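Q: Please see the structure below; I have some questions.
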Amino acid sequence: MLLHISGVHGVEAYAGSATQLALLAAPPPLNAGTALVLVHVLNPWGMAWLRRCNEANVDLNRNFLDDNATWSGCPPLYRCIETLLNPPSPPARDGFVLRLGLRGLRHGVAALRQAIAHGQYRYPQGLFYGGDQLQPGPRLLMAWLRDHLAATNTLFVIDMHTGLGPQGASTLITEAHVGCGPASASLSQRLGLPVLGDPAAPEAYAVRGSLGAALPRLLPNLGLDFVLQEIGTATPLRVLHALREENRWHHHGGGGIDHPSKQALLAALCPADAEWRRAAVRQGCELAHRAAAALQSP
Ligand SMILES: [Zn+2]
């Protein structure tokens, strides 16, 4: 089975959704024993409201913890900068970029990025909040996979996102370090595309509660490959700033869809540029076709 998932992060769903429409129009060649399954927008509420997280402010790619997990914890450095990341006020100019830059000088940019994006379970209105229980979308997906993959021996999963990496370029990241799929070098070879081993990817970071890390726990008895595809949009700082301002508007402003902070987040994660959009869909389809070929090669 080739499983293509879009919209784990709601506002990032547009490129994945467009890719899935293109795959329906021109699916990869599949032999009789192979299925293509499209999970269209795991976080539809976030897509509709231009939020990365879901209706409970949960980042779904930090929410896939196992049943015995403790839903608590927060990187120490996140706690230090929590009020800078999540100020309890509507969007306003407040020197965020400069103040974050000073923090970067003090702690190191890589350490800061890791602390911010790792996932936190302490501030329910904060960015990168992983929740206090498994959310309905992830719960449905896990149950569906458990119920329908009994006869499947090999699964290739593509989880499509936007934001990370050079603008308009595709970056593939596997989760080999958590036991999902083979090492990135072997996956690269089979796909004929470079695959980075998270968290070695430039600008990438290790996260807690990701979908890729949950799959081997859920499906321990089948051959599993997992690739997270990112289509680059803007600098990490611009994306973070846009996430922060939209989060302020949601919790401390009106929350309406027409606000500039919503439109800025959309522009930061799904650029209006037609060439970017074409490139996103082209690379989304190319990966799906290559994954289908890799899946069916002897
Ligand atoms: Zn994402």
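Q: Taking the chain as the reference, fit the longest principal axis to its C-alpha atoms, fit the long axis of helix 96-107 to the helix C-alpha atoms, and give the angle between the two in degrees, 0 to 90, nearest 10.
A: Once rounded, the angle reads 80 degrees.
Q: To continue, here is another question. Considering the alpha-carbon set of region 82-237 alone, what are its Rg and its Dmax in angstrom?
A: Spelled out, the Cα radius of gyration and Dmax of region 82-237 are 17.8, 56 Å.
Q: Next question, about the same structure. Report, in degrees rounded to the nearest 10, the 0 to 90 angle that the Cα long axis of helix 13-25 makes with the longest principal axis of the chain.
A: The answer is roughly 20 degrees.
Q: While we're here: I'd like to know which of 87, 44, 270 lies farthest towards the positive end of the charge dipole of the chain, counting +1 on Cβ of Lys and Arg and -1 on Cβ of Asp and Glu.
A: Comparing the listed Cα positions along the dipole, 87 ranks first.
Q: Give me 5, 81 sorted ascending by neighbouring Cβ count inside 10 Å, so fewest comes first.
A: In order of increasing Cβ crowding within 10 Å: 81, 5.
Q: Nearest 500 deg cm²/dmol is fine: what mean residue ellipticity at 222 nm does the chain get from its DSSP H runs of n ≥ 4 alone, each adding -39,500 (n - 2.57), divided by its residue count?
A: Using -39500 (n - 2.57) per qualifying helix, the result is -12500 deg cm²/dmol.
Q: Kindly put 94, 225 in sequence by how many other C-beta atoms sit within 10 Å of each C-beta, fewest to most.
A: Neighbour counts put them in this order, fewest first: 94, 225.
Q: Would you mind checking the tilt of helix 236-252 against the longest principal axis of the Cα atoms of the chain, expressed as 0 to 90 degrees and rounded to 10?
A: It is inclined by approximately 70 degrees.
Q: Moving to a separate point now. Report Rg/Rh for region 11-128, rounded to two decimals, where Rg is the Cα radius of gyration and Rh the Kirkwood radius.
A: 1.09
Q: Here is a follow-up. Which residue fluctuates most in the GNM of the chain (Cα springs below 10 Å): 266, 127, 145?
A: In the Gaussian network model the winner is 145.
Q: With charges only on Cβ, +1 for K and R and -1 for D and E, what is the dipole size of the chain about its Cα centre, in debye, rounded to 20?
A: 500 debye
Q: Further, regarding this structure: Have a look at 20, 105, 240 and report the one farthest towards the positive end of the charge dipole of the chain, computed about the Cα centre with Cβ charges (Lys/Arg +1, Asp/Glu -1).
A: Checked the options; the winner is 105.
Q: Sort 55, 12 so the one with the fewest other Cβ atoms within 10 Å of its own Cβ comes first.
A: 55, 12
Q: Now a separate question. Using only the Cα atoms, work out Rg/Rh for the chain, with Rh taken as the Kirkwood radius, to two decimals.
A: Checking Rg against Rh, the ratio lands at 0.96.
Q: While we're on this one: How long are the semi-axes of the equivalent ellipsoid of region 35-80, taking √(5λ) for every eigenvalue λ of the Cα gyration tensor, in whole Å from largest down?
A: Those come to 26, 17, 9 Å.
Q: Taking N as the number of residues in region 119-173, what is its alpha-carbon radius of gyration divided by 2.2 N^0.38 Å?
A: 1.57
A short reminder: the numbers here are calculations on the coordinates, not readings from a lab. Bear in mind that the values here come from a model prediction, so they are computed numbers and not experimental data. Positions of Cβ are backbone-derived with ideal geometry, glycine not excepted, and every protein chain shown enters the neighbour counts.
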